[in-house]
1. Please verify whether ALA499 is at pLDDT 50 or above and in contact with a Lys or Arg (Cβ under 9 Å, 6 or more places away or on another chain), treating the condition exactly as stated.
2. Cβ-Cβ under 8 Å, sequence separation 6+ or interchain: first residue in region 455-468 and on the phi > 0 side of the Ramachandran plot, partner polar (S, T, N, Q). Which pairs?
3. Please state which one of CYS350, CYS339 is at pLDDT below 75 and of a type outside the set (Asp, Glu).
4. Is it the case, given these coordinates, that ASP301 is open to solvent by less than 20 Å² (accessible area, probe 1.4 Å) and either more than 25 Å from GLY196 (Cβ to Cβ) or among the charged types (D, E, K, R) (or both)?
5. Suppose we filter region 379-402 for residues that are open to solvent by 10 Å² or more (accessible area, probe 1.4 Å), in contact with a Gly (Cβ under 7 Å, 6 or more places away or on another chain) and modelled with pLDDT of 90 or more; how many remain?
6. Which condition does SER250 not pass, out of (1) farther than 17 Å from HIS183 by Cβ; (2) free of Cβ contacts under 8 Å to residues at least 40 places away in the same chain, if it passes all the others?
7. Might you let me know whether region 99-116 holds any residue that is at pLDDT below 90 and within 30 Å of SER527 (Cβ to Cβ)?
Amino acid sequence: MITNKLFSMAITGLALLSSSLAAAQAEPCYASTVLGYVAGTQNSPSEPLDSGRTDPNKALGMPENDNTMNFVTLGYGGSITLGFSGPIYDMPGNDIRIVETSFASNDCLSDGVEKASVYLSLNGLDFIYAGEVCRNGSVDIADTSLEYVTAIRIVNHDDSTTFDGYDVDGVVAINGCETTGCHAFQLVDYYQGTRGNGQPITDPIRIDPNRCLGAPQNNRSNGAANFFSLGKDGYVVLKMGGYIITDGTSAPDLRVYETTWGNHSCEAYTEYAEISVSYDAVNWYSLGTHCQNENISLDLDAYIPGGLQVTYVRIANDGSLGNTNDFFDVDGVTALWGCDSGVIVDRGGCSATTFSGLGYVQGTKKNGSPIAANRTNALNALGYPQMDDTINFVTLGYGGSLQLTFTGSVLNEEGDDLTIIETSFGSPSCANYTEKVDVEVSIDGEAWYPLGTGCMDFSVDISSAPIYLPYINHIRLTNNSESLTEDGFDVDGIIFLHASDCPEDDDTTQGPIQRLSAELTTYPNPSAGNLNFSFTSYVEGKASLELYNINGQLVSKVFNGDIVPGEENVVEFDGSSLPNGLYITRLHTSDGTITGKVVITH
């Protein structure tokens, strides 16, 4: 196993590297992802649509805006939902234009009426009506009261009169998509491969890897000099200006910009690269292999463990793919939702364990009868394990489980990382007193990964998870049905195997020496504006809580004062006047900084 230690980072001032993206791009961008398609029917008679008109991918990219079959037909009762490569902010005037194809003029009444209802969404899930269009038409985000949107839904209107209704050629974000984000700011590693003929790349405009840094030029015109050519088997490893923020949906979170002069298609100019992300630049999560195109937009949520913070991006050519002279040309990288200076803190502490946010599902005895009441106190799993024949444990029972949240992060280090302590009176062996439990771990408490099954006392290695996890924040223990005793597995406690600064072994009450600067929760989240900030600091001194918008601008200093270690502080904040959008919270204590996120949507 490769040892990977987490490190605490506070990248003040680098959370959003470029403020130049606070304003919209001059160039438009287009729908880039199909989030859903419902094919309706023809009008009369109600028959299926022509199969040549039902490819939803024809609504993506730049509209053809001509009388060709490069569109998707909605049909009666049909709709299409499309995502963009980044948030589209409300600007003066109309913001989004829908292009429709009719083999006639674009006049609404020519050759029949083709109308559609348009809905917009901030998160790709909840849609707000934005108006109607007939043939080509535009809508204004202001009509939805949203500050920005990431998705559009187009629904054929029943007032249409043609035989198969509205035909979507494409959707244009008039003022551009990338109104926020952060970029690569550090070149970590690179190797420039060779040209296709095996000779070195010598063209001076193609050999500087620093051209991958900063705001991408996004210029594919002939002669543009704004990129680094990977060459055959070449690669570049870039560090972003903080942890890449993901939105938790299927919408793109990251965009890679490639330069191909003349903006040729992949079929005409085949240049490929595998794109990966990482927390530590050692263990990588592949986002797939992609051919050059004008919009390489990627969803991280589909590939990385929930809650994992990644900050490195690797773009690597596979010499077996592509046949151009110098292969994939990297212009730059953008985190579409911005970057976060969030800190993952070492759980630290010691063999004693302290948990918060525990959940207990009480099972039954093997015969289906209830477990004795004195065995169902989940708090008995907290603190240093007693490891004696007393009822200082919690019984899971058959069908039962226990979920615990650590006050900090447990690191994936060399060898086993945790030991689960079970209580069976008289310390029998597993063979003659079988009590088994299944172990799962998680970073965010939502995506869970199995570590295996153990019997009685046993240890687990986080590296046993099916994917690499540099740390965990949660553990779930579920009684295994192969247990043979009356009431199944009894949890006494959990010991961290890579710990320091521990209390004495006979201390059964004291928790670990915390290395967590504080805990911060914001609720409700999302919010209509009235927010509650709850935070508890583990160090004495002054603390400040600040709220930033996605462009890194300070919105409000919510709290600034002295705090008492271990005491919960709740601060109410009226954000009803703030524009809709994603905001970053930063809590500063004398021991460090932790961050969070909150969405405001009125």
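The values are calculated or read from the model by the stated rules, or taken from the named source; none is laboratory data. Quick caveat, the model's predicted, so the values are computed rather than measured. Reconstructed Cβ throughout: ideal geometry from the backbone, glycine too, with neighbour counts over all protein chains shown. Accessible surface is based on the protein model in full, side chains and every heavy atom, while ligands, DNA and RNA are left aside. Shrake-Rupley method; radii C 1.70, N 1.55, O 1.52, S 1.80 Å.
1. yes
2. From region 455-468, the pairs are MET456/SER424; MET456/SER429.
3. Details: CYS339 fails: at pLDDT below 75.
Exactly one of CYS350, CYS339 is at pLDDT below 75 and of a type outside the set (Asp, Glu), namely CYS350.
4. Numbers: open to solvent by less than 20 Å² (accessible area, probe 1.4 Å): no; either more than 25 Å from GLY196 (Cβ to Cβ) or among the charged types (D, E, K, R) (or both): yes.
Criteria not met by ASP301.
5. Residues in region 379-402 being open to solvent by 10 Å² or more (accessible area, probe 1.4 Å), in contact with a Gly (Cβ under 7 Å, 6 or more places away or on another chain) and modelled with pLDDT of 90 or more: 2 in total.
6. (2)
7. no
Quick grid of which residues meet (1) open to solvent by less than 10 Å² (accessible area, probe 1.4 Å); (2) out of contact with any strand residue (DSSP E or B) (no Cβ under 8 Å at 6 or more places or on another chain); (3) not in a loop (DSSP other than H, G, I, E, B):
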residue	(1), (2), (3)
LEU404	yes, no, yes
GLU413	no, yes, no
ASP416	no, no, no
ILE420	yes, no, yes
GLY426	no, yes, no
SER429	no, yes, no
TYR433	no, yes, no
VAL437	yes, no, yes
